[in-house]
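Here's the structure we're looking at; comments come further down.
Just so it is clear, none of the values below were taken in a lab; they were calculated from the coordinates. In this text the structure is predicted, and so the values were computed from the model without any measurement. Heads up, the Cβs are rebuilt from the backbone with ideal geometry, glycines too, and the neighbour counts pull from every protein chain shown.
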Protein chains: 2
Amino acid sequence: MERIPILKMGRYLLVTVQVDMHDRLAMTLQDDLTNQIVEHKARAVLIDISTLEIVDSFIGRMLANIAAMSRVLDAMTVVVGMQPSVAITLVELGLSLKGVYTALNVEKGMEFLTTSLSGEDGADAGNTG
Amino acid sequence: MERIPILKMGRYLLVTVQVDMHDRLAMTLQDDLTNQIVEHKARAVLIDISTLEIVDSFIGRMLANIAAMSRVLDAMTVVVGMQPSVAITLVELGLSLKGVYTALNVEKGMEFLTTSLSGEDGADAGNTG
């Protein structure tokens, strides 16, 4: 199964990362995500990384890339479910996930998006990097 | 990563199956799901199998088991995103997924659940097996 599923939830797309990322899988995900953002006119992408116990600069860069691509397609990126150890590693690696919003879990991420996108003025909540 | 993440979405739990299932992973998923149903007082479990291209009797039995366990915990089980080839295989294997509701995608699954659980009387929609 060389594809990470992208679930459409209303105006948002939800991606659950649960396998080890490698180059090709990351490329496929980026392709699929950008296509689906356009196809479904999605306003945001939620990426759940709650099962990731280890994060390296490759994953960090991939998340930042997805956020950058989404932004030019007028969609926000929210990374949810990050484990404490992953947060520590990211900071130690010097990866601040610029442009990526974060939330504790999917529910909180969706709440944040609903607030942000209702008035298009709540974008200063969360981590803007 | 020997664990399939379970995402809480309001009163529902969402599971995206995207790795090859083996015995231990299936057992862990059953344990985690039943625990979370109780912990979060979840009313339903949505299982997305859109990336599964092959399904065997093991997966079929696992889905039926999850549905049975959820039912005794007063939660519904909805399998979403099944590929046409998987539906063909399931029928050919003689697995009718008794007790498992199905929907085309997560959105339709959630609509179905919202309708079913609002009046607790819509349970005849969908596939009751």
Considering only region A:89-105, how many residues are within 16 Å of A:A44 (Cα to Cα) and over 17 Å from the mean Cα position of the chain (by Cα)? 0
Can you pull out every residue in region A:1-57 that is among the basic types (K, R) and in contact (Cβ under 8 Å) with a residue 24 or more places away in the chain? A:R3, A:K8, A:R11, A:K41, A:R43
Within the bounds of region A:78-87, is there any residue that is in contact with a Pro (Cβ under 8 Å, 6 or more places away or on another chain) and within 22 Å of B:T16 (Cα to Cα)? yes
Can you tell me how many residues in region A:66-86 are within 10 Å of the chain's Cα centre (by Cα) and of a type in the set (S, T, N, Q)? 2
